[in-house]
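The values are calculated or read from the model by the stated rules, or taken from the named source; none is laboratory data. Keep in mind it's a predicted model, so treat the numbers as computed, not measured. Ideal geometry is used to build each Cβ from the backbone, glycine not excepted, and the neighbour counts take in all protein chains shown. The area values use the complete protein model at the heavy-atom level, side chains included, leaving out ligands, DNA and RNA. Shrake-Rupley method; radii C 1.70, N 1.55, O 1.52, S 1.80 Å.
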Amino acid sequence: MKNNSAFFLFFLAILVWGPLGSQTSTQTIRGVVTDKQSLSTLPGATVVLMGVESPKGTSTDAEGHFRLTEVAPGRYDLKITYLGYKEVMIPNVVVTTGKEVVMEIGMEENVNSLKEVVVAGSKKNETKNEMATVSARSFSMEDVNRYAGGRSDPSRLAANFAGVSSPDDSRNDIVIRGNSPTGVLWRIEGLDIPNPNHFATVGTTGGPVSAINTNLLRSSDFFTSAFPAEYGNANAGVFDLGFRNGNAEKPEYTLQFGALTGLEGVAEGPINKDKGSSYLIGYRYSFTGLAQAMGIPIGTTATPFYQDLSFKINGGNTKFGRFTLFGLGGTSSISFLHNKIDSTDLFANPSQDSYFTSNLGLIGLKHIIKAGERSYFSTVIGITYASLVYNQDSISKSDQSATRTVENRATQIHYSVGTSFNSKISSKLFIKIGVQDEIMDNNLFYRQLDYGNWNQIWNYADYTSLFQGYAQAKYNFTDKITLNAGLHSQYLTLNGSSSVEPRLGLKYQLGERSTFSLGYGMHSQMQPADVYFYRSLKADGTYDESNKDLGFTRSQHFVIGYDYLPARDWRIKAELYYQILSDVPVTIAPSSFSMLNDGASFNPSNQGYLRNQGSGTNDGAELTIEKFFSKGYYALLTGSVYDSKYKGSDGIERNTAFNGKFVYNILVGKEIKVGKERRDAFSVDVKMTQAGGRYYTPVDLAASQLVHEEVLKGDAYAFSARNPDFFRLDVKTGYTHNSKKRKLSQSLFFDVQNVTNNQNVFAIRYNPVTNTLNTAYQIGFFPNFVYKVQF
C-alpha cells in the first residue's frame, strides 16, 4: 500500500508541475441537439450561453452539433431554442479547465408549432424519460458528488429526495415510501441488474459500498411511484442509470484519491473521430485499510477490500446504426475474526469467525437504428453475474478451536435481451412498444449446522425465465394537457405466475408556473431467489421446496401532485400518495411473518410454507422546496410524513420494519469565486437529516441466555419496539483550482459526516460473550477527504 501511495503522489507531482503543452486557460462546451422523441438531429437550433456579461451563442450545424469555445471556468445556464419546439434551459453547467463539457440535448416539439411555448424553469425538473408523470426526478453526476455526506453513491444521493429514507450508515439500502429496499429495480443502459453494490447478498438491492463509478454517470432518472409501463418487476421504485459517452475528439483523464473510495482513474478519448466513436473506462481500488490507520471509523475493525472497473465503448454513427458496448465488474471481500473486534463493531460476532467474498459483473451491447425520420428501434443484449461465498466458524470458549457451522455459495447469471420500437406519430402522439426476456441461471447452496446435523437450506441449480412486454403512449391534447398511458405484462416460467398491469398519468399545466398531476400504477414483483428455493426440513428427514409456487407480490399506487415555480430557480412540489399491497407471502400457519419486512436485516428470511395471502398499505405526504444552483448557492428542503402497515397470516395489523413515520432533509451550499480572475472556487455544503426510528422485534433475553444465541420474542411482540430517531449533520468544504496555463483542474474536498458525533442506534442485540443485551451504535464522527485532478 505504501508503494502504491508513494507512486500515486509522485505521479501527481509530475502531473501538476510538469508541462502539458497547452497554454490556454479556457474550455469548450459542445454537443448535439435532437428531437427528444424521434432522436432526429435538429440543424439550426440556437444555443446561447447565459450567466456572462455578454451572452455568447451559436447555431447547430447540419448534423445538429454545436460548439462554444473560449469559455472561462464557472457555472452557466444554457438556453436552446428551435422554431416549433419548446425552449430548453439547462442550469448549472459546470466548466473547469480540466475537462470539456459534452452534452446531448433533447427538445420536445410544440403541439401548436406556430405558437411559442415558454415553461418557466424548463429542464430543471424534468426527467430523461418523458413518459414520467409523477414521483420522478433526474439527477446528474454533479449532483451525486456535490452534496455533503454522499460518499459518491447514487443511493445516498436519492436519500435526500422526498419520500426516501436511508437512516443506516452501514449500508445504502433505500426505503421508498415505506417499502422494503428489495422492491427497487436497478437498470444500467437499459439492462436490469439485481444489485450493483459490493458485498451484496442474494435477494438484496443494497450494500455497504456502491460499485457504480459516479465519474462515468450521465444524467439519470429516479422513480418513487407509478412509474412508466416499460419498468416491471418492481414494487417500490426504479433507478434508471446510464453511462456517459467518452470524449470523441480528444483524450482526457481523471485521477481521484479518497480515504474511503481509494484510488480511482478514468480515461476517455476518441476511437474514430469521423464516426464520433469513443471509449470511456474507469477503475477504482479501495484503501479502507488506510482510512482505518488514520483513525477513521468505518463500522468494523475488519478491513474490507473491493475494486471495480466500468467502461463504455461508443461505436459512433454507422450505416447500421449506433452500437454501444458497456460493462461493469467488481470484487469484494472481508473477514470478521472473533479476536479482532470490539464492542462497536456493527457486523461481527465475538464467538464466530466469518469470511465473505462477492463478485459482480455485467456486460451489454446496445443498438439503436433509425426506422425513418420519426421512428427507431432500440435493442439491448446483456449478461449480469453475481456470486458470493460465505463461511462461518463457531469458536469454542474452552480451547478456541473452530467448527464450521455455515457454508453458503451462490452464483446467479442472468441472460437478457430486450427491444423496443419508438415512434413519434405526430407532435401530439408518441408510442413505445417493447419486450424483454430474462433467463436466470441460479446455483444456490446453503447449509448450516444445527445440533450436530447439517440442515440443507438451499440446494438448487437450474434455469427459469421472466418474460415482460409493454406498450405505452404519450398524447398531448394541447401544450398544457398531457396523458401518459401504458400496459405492462410479465410471466414467470418457474411456476406460471403472470400479471397485466395498467399505468396511467395525467399532467395539466395550469399556467406558466404551476402544474397539477395524477398518477396510477399497478405493479408486480417476483420473490427473491432464496425465497423460492428455500428447503423446509420435514419430520422424516426429507426436504420440501414449499415456496416454489409463490406468485408475484402486487401493488397499486395512487398519486396526486402539484408543482409550483414561484420564482426563477425556485421550485415547490407536493405529493400525496396511497399504496395497496396484496398477494404478499405470509406463513400458512397464523403468524406475524410477512415478506414486506424482507431486507430489514442482513440475513435471509429462511421461511418455508408461504402463501400469497398477506397485505399492506403505505400512505403519506411529501414536500420539496428547492432553490436550484444559481448566484453561487443552492438549497433543498424535503420532508415526508408516512405510515407503513402490514398484516401477516394472523390478520393483525402491525407496523412494518420500515415505518419510520417521518423523514426530513435540509441541504444548503455556497460557492465563492476566489482569485484575481475569480477562476477558482471555495465551497461549503451542509446537510441535516432527521428520520423516525424504525420498529423491530425485541430480543427475548431469557431464551437467548438459555441457548446462548439470539432469540427474538414471539408474534405478540413483533415490531412492537422502536429505535430512537436518527439524526445526522454533515459538513463538506472544498476548493477547486483551475490552472491558468494548462488544461487542468484540481479539487480537494473534506467531507465530515455526523459532525455532532450523535449516537444513532444500529441494533439492540444479544451478546453471547457477556450473556447480556448490548446496544450497537452506527458510525459516529466520520471524516473523509477526496482529491481529484482532471486534465
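Dipole magnitude for segment 478-593: about 420 debye, using +1 per Lys or Arg Cβ and -1 per Asp or Glu Cβ, origin at the Cα centre.
Of all aspartates and glutamates in the structure, the ones whose alpha carbon falls short of 18 Å from that of K250, not counting any fewer than 8 places away in one chain, are E70, E100, E104, E268, D274.
Spacing of the modelled spin labels on D399 and I425, each 7 Å from Cα toward Cβ, amounts to 7.9 nm.
Take each of the peptides 773-780, 547-554, average the number of other beta-carbon atoms within 10 Å over its residues, and list them starting from the highest.
547-554, 773-780
The dipole here belongs to the chain: it is taken about the Cα centre, uses +1 on the Cβ of Lys and Arg and -1 on the Cβ of Asp and Glu, and is about 2360 debye.
Calculated from the structure at hand, volume of the Cα convex hull per residue in Å³ is found among [x] 174; [y] 151; [z] 295 as [y]. If you put +1 on each Lys and Arg Cβ and -1 on each Asp and Glu Cβ, how big is the dipole of segment 612-678 around its Cα centre, in Debye rounded to 20? My answer is approximately 520 debye.
For E142, the accessible area of its heavy atoms, probed at 1.4 Å with every protein chain present, is near 50 square angstrom. Between the listed residues S170, G44, S180, the Cα displaced farthest toward the positive end of the dipole of the chain, a dipole computed from Cβ unit charges relative to the Cα centre, is found at G44. Computed over neighbours whose Cβ is under 12 Å from that of K312, the net charge equals +1, Lys and Arg +1, Asp and Glu -1. Which of rounded, prolate or oblate describes segment 646-759 when judged by the alpha-carbon gyration tensor and an a/c cut-off of 1.5? Verdict is prolate for segment 646-759. Once the Cβ-Cβ distance of R67 and Y415 is raised to the sixth power relative to R0 = 35 Å, the FRET efficiency obtained is 0.25. Positive contributions from Lys and Arg (+1) and negative ones from Asp and Glu (-1), summed over other residues with Cβ under 15 Å from the Cβ of E622, come out at 0. In order along segment 149-158, the phi-based Karplus estimate (6.51 cos²θ - 1.76 cosθ + 1.60, θ = phi - 60°) of 3J(HN,Hα) comes to x, x, 6, 6, 10, x, 5, 5, 5, 4 Hz; Gly and Pro are listed as x. Cα centroid separation, segment 720-734 to segment 467-493: 39 Å. Could you give the angle, 0 to 90 degrees to the nearest 10, between helix 2-17's Cα long axis and the longest principal axis of the Cα atoms of the chain? Helix 2-17 sits roughly 10 degrees off the main axis of the chain. Ordering W570, W186 by accessible surface, largest first, gives W570, W186; the 1.4 Å probe counts only protein heavy atoms, with every chain in place.
Ranking I572, F593, N547 by Cα position along the charge dipole of segment 543-608, where only Lys, Arg, Asp and Glu carry charges on their C-beta atoms, puts I572 farthest toward the positive end.
Assuming a ≥ b ≥ c are the square roots of the Cα gyration tensor eigenvalues, decide whether segment 394-544 counts as rounded (a/c under 1.5), prolate (otherwise, with a/b larger than b/c) or oblate. Taking the square roots of the gyration eigenvalues as a ≥ b ≥ c, segment 394-544 is prolate.
Shape of segment 133-289 from the C-alpha gyration tensor: oblate (a/c of 1.5 or more and a/b not above b/c, with a ≥ b ≥ c the square roots of its eigenvalues). So which of K397/K713; K312/K676; K128/K428 end up more than 29 Å apart, counting from Cα to Cα? Those over the limit are K312/K676.
Place a label point 7 angstrom from the Cα of E545 along the Cα-to-Cβ direction, then list the residues of segment 505-535 whose backbone nitrogen is under 19 Å away. Label zone hits: 526-535. When the chain is described by a simple charge dipole with +1 on each Lys and Arg Cβ and -1 on each Asp and Glu Cβ, the residue from S498, G660, L729 located farthest towards its positive end is L729.
Under a plain spin-label model, where a point goes 7 Å from the Cα along Cα-to-Cβ, how far apart in nm are E709 and Y664? Those two pseudo-labels are separated by 4.5 nm.
Full extension of the segment from T41 to Q759, taken as 0.36 nm per residue of separation minus the current Cα-Cα distance, would add 253.0 nm.
With each label modelled as a point 7 angstrom along the Cα→C-beta vector, the T26-D437 pair spans 5.5 nm. Is any residue of segment 590-633 close enough, with backbone N under 15 Å, to a label point placed 7 angstrom from the Cα of E653 along the Cα-Cβ axis, and if so, which? Inside the label zone: 615-620.
Within a straight-line Cα-Cα reach of under 24 Å, K673 can be paired with the following lysines, leaving aside sequence neighbours fewer than 8 residues apart in one chain: K56, K79, K99, K124, K627, K631, K687, K732, K740, K741, K743, K788. Packing-based ranking of 701-709, 59-67, 152-160 yields 152-160, 59-67, 701-709, ordered from highest to lowest mean Cβ neighbour count within 10 Å.
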